[in-house]
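Chemist: I have a structure here, written as structure tokens, and I will follow up with some questions on it.
Bear in mind these aren't lab numbers, they're just calculated from the coordinates by the rules spelled out. This structure is a prediction, so every number in the text was calculated from the model and none was measured. Backbone-built Cβ (ideal geometry, glycine too); neighbour counts: all protein chains shown.
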Amino acid sequence: MAVKLSERAAQEVQRFRTEHNFGEEMVLRIGVAGGGCSGFNYTLNFDDSYDEKADSKYECHGVELVVDKKSALYLDGTTVDWYESLEKQGFTFENPNAVKTCGCGSSFQA
């Protein structure tokens, strides 16, 4: 399996890319970093670098995403979605590898 974007999340990524005039060389990088209230934080940013040896590259609904191989161990099978309500909006992570998540949804324990 791999990391996937929902169609709605891909639309938001494309909207953001257009608003900030990012070229096609910019890929969406998804990863994990130590920290947060549960042990790991999700990371999401644009990057213009890709290393074939250190990264895996995927395409989802027209968006190229890159995941470093270390993060891929924790993110395998994860779907990134977009949530929007009156109170908040943002990306959500449905991670089958998370054994515990925090209330904010941005950190997890594997």
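Chemist: Taking a cut-off of 17 Å, what percent of all Cα-Cα pairs in segment 28-83 are separated by more than that?
Modeler: Numbers: 562 of 1540 pairs.
Percent of Cα pairs beyond 17 Å in segment 28-83: 36.
Chemist: For the chain, what does the helix formula give at 222 nm: sum of -39500 (n - 2.57) over DSSP H segments with n ≥ 4, over the residue count, nearest 500 deg cm²/dmol?
Modeler: Mean residue ellipticity at 222 nm (helix-derived): -5500 deg cm²/dmol.
Chemist: What is the sum of charges around G77, taking Lys and Arg as +1, Asp and Glu as -1, for the other residues whose C-beta is under 14 Å from the C-beta of G77? Numbers along the way, then the final one.
Modeler: Numbers: positive: K4; negative: D76, D81, E94.
Residues close to G77 contribute a combined charge of -2.
Chemist: Send over the Kirkwood Rh of segment 4-97, from the inverse of the averaged 1/r over different Cα pairs, rounded to one decimal Å. It would help to have the intermediate numbers written out before the result.
Modeler: On the way: mean 1/r = 0.0720 Å⁻¹.
Taking every pair of different Cα atoms in segment 4-97, averaging 1/r and inverting gives 13.9 Å.
Chemist: What relative contact order, as a whole-number percentage, does segment 4-97 give when Cα pairs under 8 Å and 6 or more residues apart are counted?
Modeler: 30 percent
Chemist: Once Lys and Arg get +1 and Asp and Glu get -1 on their Cβ, which of V3, H20, N97 lies farthest toward the positive end of the dipole of the chain?
Modeler: Value: N97.
Chemist: If you don't mind, there's one more thing I want to ask. Using a 10 Å Cβ count of at most 16 others and DSSP loop calls, identify the longest part of the chain lacking such GluC sites (Glu not before Pro). Let's see the in-between values first.
Modeler: Numbers: sites that count: E24, E25, E52, E87.
After excluding every exposed loop site, the longest remaining stretch is 53-86.
Chemist: Just to confirm the filter: which trypsin sites (Lys or Arg not before Pro) across segment 38-84 are DSSP coil and have at most 16 other Cβ within 10 angstrom of their Cβ?
Modeler: Taking segment 38-84 and a limit of 16 other Cβ atoms within 10 Å, the loop trypsin sites (Lys or Arg not before Pro) found are K53.
Chemist: Here's another thing I want to ask about it. For T78, what residues show an amide H to amide H distance below 5 Å, using hydrogens built from the backbone and excluding near sequence neighbours?
Modeler: K4
Chemist: How large is the dipole of segment 4-97 about the Cα centre if only Lys and Arg carry +1 and Asp and Glu carry -1, each at its Cβ, rounded to the nearest 20 debye?
Modeler: Roughly 260 debye for segment 4-97.
Chemist: Just to confirm my numbers, what's the Cα centroid distance between segment 9-41 and segment 48-69 in Å?
Modeler: Here the answer is 12 Å between Cα centres.
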